[in-house]
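Have a look at the structure below before the remarks.
What follows draws every value from the coordinates through simple rules; no lab data is involved. On a predicted model such as this, the values are computed, not experimentally measured, just so you know. In this analysis, Cβ positions are derived from the backbone assuming ideal geometry, glycine residues included, and neighbour counts consider all displayed protein chains.
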Amino acid sequence: MICQDGIIIENCIHHFSFIFSMNLNKPTMKNFYYLAVIFFTPLFISAQGTQPMNLPKDATVDVSIADAKSGNMLNHEIVIFRSKINNREYQGLSDSAGKFALRLPAGDKYEIFILGFNDSTSYNVLDIPALKGNQFYKNPFKVDIQFEAPKSFVLDNCTFESGKATLKPEAYGVLDDLVEYLKRKEDERIEIGGHTDNVGKAEANMILSTNRANTVRAYLLTKGIDPDRLYSKGYGMTVPIAENDDEEGRQMNRRTEVKIIE
């Protein structure tokens, strides 16, 4: 215990580093998230004196997020901290420098999520120890994240009428989610890929997949997405992700897939 300028230092700095690699999609999709999270736990200190003081019982958390491969800072990424005690969620949006700060109540553990398209996956837990009496955290906790998101994802439930490029009613929900994603990730360009199973002639399937991809693109345009950010392409039956031997495999192959364009 060290006394400095009337303040008692009661804890030391700890450094933790965790690295994860996990497959978030179906086995055939072969898309991965890679994440390294580094925690810096700050000092907590006690102000001397016998009278209660109006001291904060929460902690500042400084978050930075960078691409795991290039090291470039990532903007417009949503990071969520979920309380283990009451499931309350706190979130921040990274700025142009890939950073943001928020305050979290002490005496709790928080699951860390990075929000992807239409999903979020838990990566690690940040522990903010409880404070007693006149203790408070002098410096912020630091969470440095290195992150590589999948470069493609399937639009689940983006379904069409059989043999047509007409969207079914249940497709609009996931397309609206894609609109919100593109508005948040305003610097991303995407390719919308249409895919079919192997039933029917190859030429007809190529035309059908192209028309379906164009339908999705047209819907996004009606929602105000810049046309220069949207490309559509039909692949027909040429890029299966499962065997076409049964209905389950054929259903997986009939899909609309989004690729992030570098």
*Stretch T166-E89 to full length: gain in nm at 0.36 nm per residue minus the Cα-Cα span?*
23.9 nm
*Cα Rg, Dmax (largest Cα-Cα span) when computed across the range 152-261, Å*: 13.4, 40
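Tell me which GluC sites (Glu not before Pro) from the range 162-261 have a DSSP coil assignment and no more than 14 other beta carbons within 10 Å of their own.
E170, E186, E188, E243
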*Determine the relative contact order of the range 146-239: mean sequence separation of Cα pairs under 8 Å and six or more apart, normalised by residue count, in whole percent.*
31
*Could you work out how far apart the two model spin labels at N157 and N214 are, taking each label as a point 7 Å from the Cα in the direction of the beta carbon, and quote it in nm?*
2.8
*Order of S83, S209, S120 - criterion: other Cβ atoms within 10 Å of each residue's Cβ, fewest first*: S83, S120, S209
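Fewest first, what order do I207, I114 take by the number of other Cβ atoms within 10 Å?
Details: I207 16, I114 22.
Neighbour counts put them in this order, fewest first: I207, I114.
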*Counting other C-beta atoms within 10 Å, which of Y90, Y110, Y123 has the fewest, and how do the rest follow?*
Y90, Y123, Y110
